[in-house]
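Let me begin by presenting the structure, written as structure tokens, before commenting on it.
The values are calculated or read from the model by the stated rules, or taken from the named source; none is laboratory data. What you are looking at is a predicted structure, and each value in this text was computed from that prediction instead of being measured. Note that each Cβ is placed from the backbone with ideal geometry, even for glycine, and that neighbours are counted across all protein chains shown. Calculation scope for accessible area: heavy atoms of the full protein, side chains included, ligands and nucleic acids excluded. Shrake-Rupley method; radii C 1.70, N 1.55, O 1.52, S 1.80 Å.
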Amino acid sequence: SSYENEAFKSRTDWKQRAVTASHLHLRTKFVYVSDEDVDEDGIAYILPQNLLNRLVCISDLRTQCVAYLFGMSPPDAPQIKEIHSMVLVPQLGTHKDFKVPNKLPDESTHPALKGLEFIGFIHTQPEEKKYLPPEDVVVADSLNMQWDLSLHTVINCAFTQGSCYLNSYRITENGMKWAKGTGGTITPATDMKQYNTQCYRRSQLLLSKKFLGFFLVPEDGVWNYNMMGVRWSSTMEYKLTVGRPLEFFAPKHRPMHFISFAESKDEASYEPERADTQYVWT
């Protein structure tokens with residue numbers, strides 16, 4: 001009915017979400033890092049402000065966006081890991097989790113990663129959580145590599161009201177043991193009672209403006225496959241290049257919208273709402 005057409009608003013309406021996402025840059029002025037119950041004896045991670053700002057600006061408020069983290073320790077501080085690069089790979093996301101290809105980036109995908117070690121991953125989420133989401137633990141266990149419990153971290157960037165809130169976690173042995181029991185997928189039959197605060201520990205995270213990081217993106221620039229999911233595959237190959245990542249709703253990420261517009265035959269809808277008016281000055 002006419003009332004339903006006016007009253008109903010879908011959460012998947014990309015146009016409305018795209019407008020909202022265009023204001024995400026304002027949130028980079030209000031970034032908060034959690035320091036509650038952090039493990040001060042473990043590794044401290046330093047994240048360049050420029051990388052975080054760009055990740056926030058290219059994201060979506062509802063869909064999770066993920067990037068791998070690569071970095072290294074200063075020569076005189078082995079307990080500190082400086083994050084030098086975020087790597088955006090082809091991905092699919094929802095409000096609860098995300099999917100990435102089986103292939104992990106390394107120096108064979110781009111020489112810029114030579115000398116850097118894998119540190120973990122960071123992802124956005126639509127709301128703040130006071131715990132490490134179990135989906136993140138399952139992803140860490142399913143990666144095509146050996147997850148180092150003392151080194152690797154998971155950073156969550158939550159979009160709170162007008163701001164961003166960061167939490168950093170290290171997964172414990174109990175957490176990985178629980179993840180292996182899920183078979184790589186969380187279902188209604190998964191025993192969630194075994195997932196508790198013993199499955200992770202908070203780690204120390206610092207933001208810095210003293211050094212800059214860089215992004216690695218797919219050579220064609222396309223990393224967001226949410227609006228063309230049929231082209232994404234867990235076995236897909238990709239090559240990386242140093243570059244500035246495209247926004248979530250960039251034209252390259254939604255080619256079907258332009259094809260549908262071009263193929264539309266409803267020419268009447270493109271007619272001007274009023275005729276041009278000519279003014280004669282005397």
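Pairs exceeding 28 Å between alpha-carbon atoms, taken from K15/K209; K15/K103; K29/K129; K81/K129; K180/K209: K15/K209; K15/K103; K180/K209. Protection proxy ranking of 238-250, 183-195, 156-168, by the mean of other Cβ atoms within 10 Å over each peptide's residues and highest first, is 156-168, 238-250, 183-195.
The charge dipole of the stretch 143-201, taken about its Cα centre with unit charges on the Cβ atoms of Lys, Arg (+1), Asp and Glu (-1) only, comes to about 80 debye.
Distance from the alpha carbon centroid of the stretch 62-117 to that of the stretch 180-207 works out to 20 angstrom.
For the chain, the fraction of alpha-carbon pairs lying more than 29 Å apart is 39 percent, rounded to a whole number.
Dipole magnitude for the stretch 179-260: about 380 debye, using +1 per Lys or Arg Cβ and -1 per Asp or Glu Cβ, origin at the Cα centre. Magnitude of the charge dipole for the chain, about its Cα centre and with charges confined to Cβ atoms of Lys, Arg (+1) and Asp, Glu (-1), is about 100 debye.
For the chain, with the dipole built from +1 on Lys and Arg beta-carbon atoms and -1 on Asp and Glu ones, taken about the Cα centre, which of L151, M192, S233 lies farthest toward the positive end? Toward the positive end, the furthest listed residue is L151.
Please work out whether the stretch 135-247 counts as rounded, prolate or oblate from its C-alpha gyration tensor, where a ≥ b ≥ c are the square roots of the eigenvalues and a/c under 1.5 means rounded, while otherwise a/b larger than b/c means prolate and anything else oblate? Here the stretch 135-247 falls in the oblate category. Here is how the number arises for the chain: DSSP H runs of 4 or more residues each give -39500 (n - 2.57), the sum is divided by the residue count, and the result at 222 nm is -5000 deg cm²/dmol.
Scoring 75-87, 45-57 by mean Cβ neighbours within 10 Å over their residues and listing the highest first yields 45-57, 75-87.
Overall shape: oblate for the stretch 78-136, with the ratio a/c of the largest to smallest alpha carbon gyration tensor axis at 1.5 or above and b/c at least equal to a/b. Solvent-accessible area assigned to carbon and sulfur over the stretch 141-215 amounts to 49 percent, based on a 1.4 Å probe. A 1.4 Å probe run over the chain, with the rest of the protein chains in place, finds 58 Å² accessible per residue.
Derived scalar couplings between HN and Hα for the stretch 91-102 equal 8, 10, x, 10, 6, 10, 7, 8, 10, 10, x, 5 Hz in order, rounded to whole Hz, by the Karplus curve 6.51 cos²θ - 1.76 cosθ + 1.60 (θ = phi - 60°), x for Gly and Pro. Most simply put, the chain has about 55% antiparallel DSSP beta bridges, counting only bridges with both residues inside it. Sparse packing (at most 10 other Cβ atoms within 10 Å of the Cβ) combined with a DSSP loop state is found for the following trypsin sites (Lys or Arg not before Pro) in the stretch 99-180: K114, K130. Counting only protein heavy atoms and using a 1.4 Å probe, the accessible area of E107 comes to about 110 Å². Sort the stretch 1-144 into rounded, prolate or oblate with this rule: let a ≥ b ≥ c be the square roots of the eigenvalues of the Cα gyration tensor; rounded if a/c is under 1.5, and if a/c is not under 1.5, prolate when a/b is larger than b/c, oblate otherwise. Prolate is the answer for the stretch 1-144, as a/c is 1.5 or above and a/b outweighs b/c.
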